[in-house]
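Working notes for the structure below.
The values are calculated or read from the model by the stated rules, or taken from the named source; none is laboratory data. Every value quoted in this text rests on a predicted model; they were computed, and no experiment measured them. Note that each Cβ is placed from the backbone with ideal geometry, even for glycine, and that neighbours are counted across all protein chains shown.
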Amino acid sequence: MSIFAAQDIAMNFGGIRAVEGVSFTVEPGEVFSIIGPNGAGKTTIFNMISRIYTPSAGKLIFAGEDITSIPPHQIANRGIARTFQNIELFANATLLQNLLIGRHCHSQVGLLAQFGFLPSVRRAEIAHREKAEEVIEFLGLQRYRDQLIANLPYGVRKVVELGRALCIEPKLLLLDEPSSGLNVEETEEMGYWIEDIKQDLGVTIIMVEHDMKLVHAVSDRVMALASGRILALGTSAEVQNDPEVIRAYIGGAPV
Amino acid sequence: MIAPFKTGYAQDLTLAKGPGSRIAYAVLLAVMAAIPLVLGEFYVGELGGLFIFAIAGVGLMLLTGYTGLVSLGNAAFLGIGAYTNAILLARGVPFLISLPAAGLLTAFFGVLIGVPTLRMSGLYLAIATLAFGSIIGTVLQKWDGLTGGFDGFAVQTPSILGFKIEGAWGVYYAALIVLVLVVWVSLNILRSPLGRAMVAIRDSEISAQSMGINLAVTKSIAFGISAGITGLAGGLYAHYVRHLAPDSFDILLSIQLVTIVFIGGLGSLHGAIFGAAFMRLLPQAIAMVRDDLPFGLGQLPGLEPSLFGLILVLVIMFEPGGINGRWVKLKAYFAAFPLHRKPAARRQKSYAKSERLR
Ligand SMILES: Nc1ncnc2c1ncn2[C@@H]1O[C@H](COP(=O)(O)OP(=O)(O)O)[C@@H](O)[C@H]1O
Ligand SMILES: [Mg+2]
């Protein structure tokens, strides 16, 4: 059974039809990539899945549950995590604090217990810290642990955002242009991490990406989008050779 | 520089980092406790006032410095706390109950104002809280039966277990104890999930949501806590001024509180206390030099507020970290002496944020 399904979803902004009649399913454990020119509606699809936007039409199904109308702050504890195209970290907090905020959906200590920092809170904090340290180790972020995000280089911040998403212990991970702003080596490294996350952690991934080399390297299936509609869906090679896709890209970004 | 050797995660959860800072805070507390034995009544009274403003500063710091919500209505919370405490005392409620009750009722008002302003931020929020402040001011003035109207009323001397807490010393110790408690609770909040959720909302609402943080609930709680702490400060303030009148809780007082957190340094509890100290000491300093100023400057009527305004603008322009920012840099300088490099303290340009909810 598929882990995620978008059924005929659409999103209108005033007169703009950013996404229209898009349906696809994602199988457990696969890397599903979405490609398409700027303004195609890729980020809008992510924003609908993370419930920041409510689809104008259609349904979103995750793990058998209709999530089309649950509030956005309950997406994380369903097991869906995401990164943002333009990095949305907590810039005036340390890397460690950012990762710990990723643990928020797993914390259930009472308000008064927090006021007094009771032993129950202390125990929970240590458990969260252990989980955050696992992620730090997994991504090799040890030497930046106590630094403010605002002082970290762009490439490191991209990795931190990935780490923060992993702290949620997601079943489904949404990556919005993980390689944007990275140099060639960093992009290659990002590719390895995506493979590790898929293989070692068994997380299902939906990825929006422009770098076709990265898409080709990690994707099980690719969906090409233009002007809010699906152009093609299949393996990376099939989609890249699809005549419709080639036409859509002429004058746009090279495939 | 001495970095404590860490052997477990629990160590990072302690409030005092290393034995040195534990000793420093213990000494500071002992000195504070002993000061009334040495200083005269006037200074003890002024220090008591400083503590009260430090408490209110911590309250606003949690809201503005940590949650990123500006409030121009915190004078109203101070007023609600002051009146509640004084009115309860006048009805024979003991101080040990009336003061916490003042905090609780004010916290309730905080949540009340928090809820309708959930979707506001920045200037809109500032104006909404300003409006709330003037509504409360009007209520305090018009509700004669309860508040004594425009003339106000004299505040009773509180007593604990039969001992009257009289004069400057009473206010001093009561404020010191409440300040220590409030700082302790605030530090606990800041090292707990709630504190991190507040910081997350301050830095990026959109990703805070995606981390599972309920914006509405967290903001309301932040408003409630901030108001509750300010209400406690208000309850003590009633004893500091000894006579309550509605015009003591006007917009100027709100602006003073905002100035405390900005000058002290947003996002730091030290900053709230430094800011309060600055706010209370500057008028004294002005009074001292007033007669010696050239060109009759000292006789200008608006000297004090304009000077505050000027300093606020200069701080925002040249030292966004406030007094605390200076303090941190100074500490780093001496810790690394003589190897200090200037760029170590240079601020990084913060990167652009483009993905916004609206
Ligand atoms: N909040 C919004 N309000 C209005 N228009 C929007 C909004 N978000 C996205 N759009 C529009 O929707 C279209 C798709 O945008 P987006 O999903 O960001 O594209 P991309 O595929 O590059 O990620 C664009 O035309 C964009 O201008
Ligand atoms: Mg996009």
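Would you say residue A:88 is surrounded by fewer than 21 Cβ atoms within 10 Å (Cβ to Cβ), charged (D, E, K, R) and closer than 25 Å to residue A:196 by Cα? Spelling it out, it is not the case that residue A:88 is surrounded by fewer than 21 Cβ atoms within 10 Å (Cβ to Cβ), charged (D, E, K, R) and closer than 25 Å to residue A:196 by Cα. Filtering region A:1-44 to residues that are closer than 21 Å to residue A:240 by Cα, of a type outside the set (Gly, Ala, Ser) and within 7 Å of ligand 1 (Cβ to nearest atom) leaves A:38, A:42, A:43.
The residue list A:150, A:132 contains one member that is more than 16 Å from ligand 2 (Cβ to nearest atom) and either more than 8 Å from chain B (Cβ to nearest Cβ) or within 21 Å of residue A:171 (Cβ to Cβ) (or both), which is A:132. Of all residues in region B:34-47, those that are closer than 21 Å to residue B:278 by Cα have Cβ atoms under 8 Å from Cβ atoms of residues that are of a type in the set (S, T, N, Q), 6 or more apart or on another chain, in B:46/B:284. As for region B:128-144, it holds at least one residue that is closer than 30 Å to residue A:89 by Cβ, away from chain A (no Cβ under 14 Å) and hydrophobic (A, V, I, L, M, F, W, C).
Any residue at all in region A:157-175 that is within 16 Å of ligand 1 (Cβ to nearest atom), surrounded by 23 or more Cβ atoms within 10 Å (Cβ to Cβ) and at pLDDT 90 or above? The answer is yes; a qualifying residue exists. Counting only residues that are out of contact with any Gly (no Cβ under 7 Å at 6 or more places or on another chain) and within 17 Å of residue B:267 (Cβ to Cβ), region A:71-97 holds 8 of them. Listed by position, the strands (runs of 3 or more DSSP E) contained in region A:16-77 that have at least 2 residues being within 16 Å of ligand 2 (Cβ to nearest atom) and more than 11 Å from residue A:4 (Cα to Cα) are A:16-26, A:31-35.
The residues on offer are A:224, A:217, and the sole one that is out of contact with any Cys (no Cβ under 9 Å at 6 or more places or on another chain), away from chain B (no Cβ under 14 Å) and within 16 Å of ligand 2 (Cβ to nearest atom) is A:224.
Does residue A:138 satisfy the condition of being farther than 13 Å from residue B:13 by Cβ and more than 8 Å from chain B (Cβ to nearest Cβ)? Taking the combined requirement at face value, the residue satisfies it. If we scan region B:2-15, do we find a residue that is modelled with pLDDT under 85 and within 21 Å of the chain's Cα centre (by Cα)? So far as region B:2-15 goes, yes, one or more of its residues are modelled with pLDDT under 85 and within 21 Å of the chain's Cα centre (by Cα).
Just one of the listed residues (A:68, A:44, A:83) is surrounded by 16 or more Cβ atoms within 10 Å (Cβ to Cβ), among the polar types (S, T, N, Q), at the interface with another protein chain (Cβ under 10 Å from one of its Cβ atoms) and on the phi < 0 side of the Ramachandran plot, and it is A:83.
Does residue A:96 meet the test of being more than 7 Å from chain B (Cβ to nearest Cβ) and under 26 Å from the mean Cα position of the chain (by Cα)? Answer is yes for this residue. If I go through region A:101-112 residue by residue, how many of them are more than 8 Å from chain B (Cβ to nearest Cβ) and without any contact (Cβ under 8 Å) to a residue 24 or more places away in the chain? Residues in region A:101-112 being more than 8 Å from chain B (Cβ to nearest Cβ) and without any contact (Cβ under 8 Å) to a residue 24 or more places away in the chain: 3 in total.
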